[in-house]
Every structure is written in C-alpha cells, then in structure tokens.
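Only one structure is covered here, and it is reproduced in the block below.
The values are calculated or read from the model by the stated rules, or taken from the named source; none is laboratory data. What you see is a predicted model, and the numbers here were worked out from it, not measured in a lab. When we count neighbours, we look across all protein chains shown, and the Cβ atoms used for this are built from the backbone with ideal geometry, even at glycine. Heads up: the accessible areas ignore ligands, DNA and RNA and are worked out on the full protein's heavy atoms, side chains in. Shrake-Rupley method; radii C 1.70, N 1.55, O 1.52, S 1.80 Å.
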Amino acid sequence: MEPDLHGLLRSLRVWDTELPGFEPEEAPQEPLALFTRWFAEAVAAGQPEPHTMSLATSDEDGLPDVRIVMLHGADADGWSFATHATSRKGRQLSARPYAALGFYWPVQGRQVRLRGPVTVAPPEEGQADLHARSPGALAAALVGHQSEVLPSREELARASEAAWDRAQREPDALAPTWTLYRLQPEEVEFFQGDARRRHVRLTYRRRTDDDGWLRELLWP
C-alpha cells in the first residue's frame with residue numbers, strides 16, 4: 001500500500017519544543033553580527049548541519065532553480081559558497097549574477113533569508129578554500145563534470161576512485177573550474193517562529209546611498 005501523503009502532512013507538527021525569544025529592538029545595526037550570533041546559537045542547540053543553505057538562481061530565461069549547498073564563510077565581502085563554474089548553477093550565475101540564500105534551523109524555529117548580487121572570488125582564493133577543506137571535497141572537485149549527463153554509475157565509480165587517489169597523492173592539486181562565489185546581500189531577513197504564530201520578522205535593507213542598513217519589522 002502506498003503511503004497517504006496528505007494524511008502524513010496533516011499529522012505533522014512543527015516547533016514541538018520551546019523556542020527562543022527574539023527582541024528585534026535589541027538587534028545589532030548590521031545583519032552579519034546577528035547572523036553570526038544566530039549561527040552560533042544554532043550550533044550550540046545541536047542543529048544538524050547548520051551550515052547548509054538553499055541557493056536559488058535563475059537561468060537565461062529567468063526560470064528559477066534551487067538546491068542545497070554549504071556556506072563557506074561570511075564576512076564583509078559577502079556570504080560565500082563554491083561550485084564548478086561549468087555546473088548548472090555556475091552557468092546560471094554567469095548569465096544572471098544574482099541569487100538568494102535561505103537557512104532553516106528548525107530546532108529553534110529560525111530562518112535567515114538573503115538576496116543580492118554575486119561576484120566571483122579570485123581563482124587563488126577559490127583554490128585555497130578548496131584545499132582548506134577535506135580530502136573528500138578535493139576528490140569530488142577533481143572528478144568534475146558536475147551537472148553533465150552521466151552514462152553509468154560505473155563510470156562515476158572509476159572517476160571517483162581515480163580522483164580520491166590523486167587527492168591523496170597531490171593534496172594541493174588544482175581543480176581549474178572550481179570557483180568561490182560571494183553573495184553581497186542587499187536584503188537580509190531574520191525570522192523567529194512563535195508557537196502562537198506571532199512570528200517575528202526583522203528585515204535589513206541596504207540603503208541606496210550605501211550608508212548602512214534600514215531595519216524594518218514585517219507582518220508574519
């Protein structure tokens with residue numbers, strides 16, 4: 001018997017735990033400081049893989065795409081992630097260098113959403129970022145061919161085995177198409193869930209004169 005999707009959906013509950021409070025009036029003047037604080041609290045609360053995020057891009061026709069990627073860093077230069085420039089998302093970012101990011105930390109009922117233009121970091125920074133990660137990350141990057149049609153899983157196994165061997169022999173091996181991207185947010189929203197649905201939404205919008213951030217509350 002096939003599972004009853006709608007029955008399952010109706011049976012589920014969200015935030016069946018005590019959620020933290022959030023006083024937006026006490027939030028810092030710029031979003032990076034609040035993001036860093038919330039990220040640290042998500043880690044401390046035991047949120048699995050808090051560094052994973054949704055990355056939304058669009059193709060040449062304006063059609064959207066979304067997938068889960070890893071956050072590689074966040075600082076004054078932007079929120080960074082990496083992929084092959086020849087992958088689907090790499091090609092989309094080349095055609096339309098604007099994207100959105102979404103973090104969801106259910107153990108605390110929190111979301112963070114960002115959107116803004118995306119730039120490419122210098123190649124040496126991208127390679128340094130790759131080599132600072134695990135041997136598995138390097139091996140995956142060396143396999144390449146991301147988003148291309150795969151003839152068979154056996155071919156993937158052979159290419160992966162060769163890449164793992166090379167990553168172990170050459171820990172500084174270059175993956176030429178591996179690229180570090182940075183999203184410089186124009187808007188950042190912090191969402192704190194509430195069991196009574198009185199969610200708190202605080203948004204930061206970069207001022208047009210680049211003179212700091214405008215903070216506003218939004219209806220949930």
Worksheet item: How many percent of the accessible area of the chain is carbon or sulfur, using a 1.4 Å probe?
Response: 53 percent
Worksheet item: Mean Kyte-Doolittle of at least 0.0 and a Cα length of 15 Å or more along the axis: which whole DSSP H helices of the chain meet both?
Response: 31-44
Worksheet item: What is the Cα centroid distance between the range 46-80 and the range 142-198, reported in whole angstrom?
Response: 11 Å
Practice prompt. Tell me the Kirkwood hydrodynamic radius of the range 29-138 in angstroms, computed as one over the mean inverse distance between distinct C-alpha pairs.
Written response: 15.1 Å
Worksheet item: Where in the chain lies the longest segment free of trypsin sites (Lys or Arg not before Pro) that are both loop residues by DSSP (not H, G, I, E, B) and have at most 13 other Cβ atoms within 10 Å?
Response: 14-195
Worksheet item: For Arg153 and Ala40 in one chain, what is 0.36 nm times their gap in residues minus the Cα-Cα distance, to one decimal in nm?
Response: 36.8 nm
Item to complete: For the chain, just the Cα atoms, rotate onto the principal axes and tell me the three extents in Å, largest first.
Response: 59, 53, 39
Item to complete: For Thr203, Thr52, give the ranking by accessible area with the largest first, probe 1.4 Å.
Response: Thr52, Thr203
Item to complete: Would you tell me the accessible area of Ser160, worked out with a 1.4 angstrom probe on the heavy atoms of the protein chains, in Å² to the nearest 10?
Response: 40 Å²
Discussion item. With a 1.4 Å probe and all protein chains left in place, how much accessible area per residue does the range 160-220 have, in Å²?
Written reply: 64 Å²
Response to the item:
Descending accessible area (1.4 Å probe), largest on the left, turns Thr57, Thr119 into Thr119, Thr57
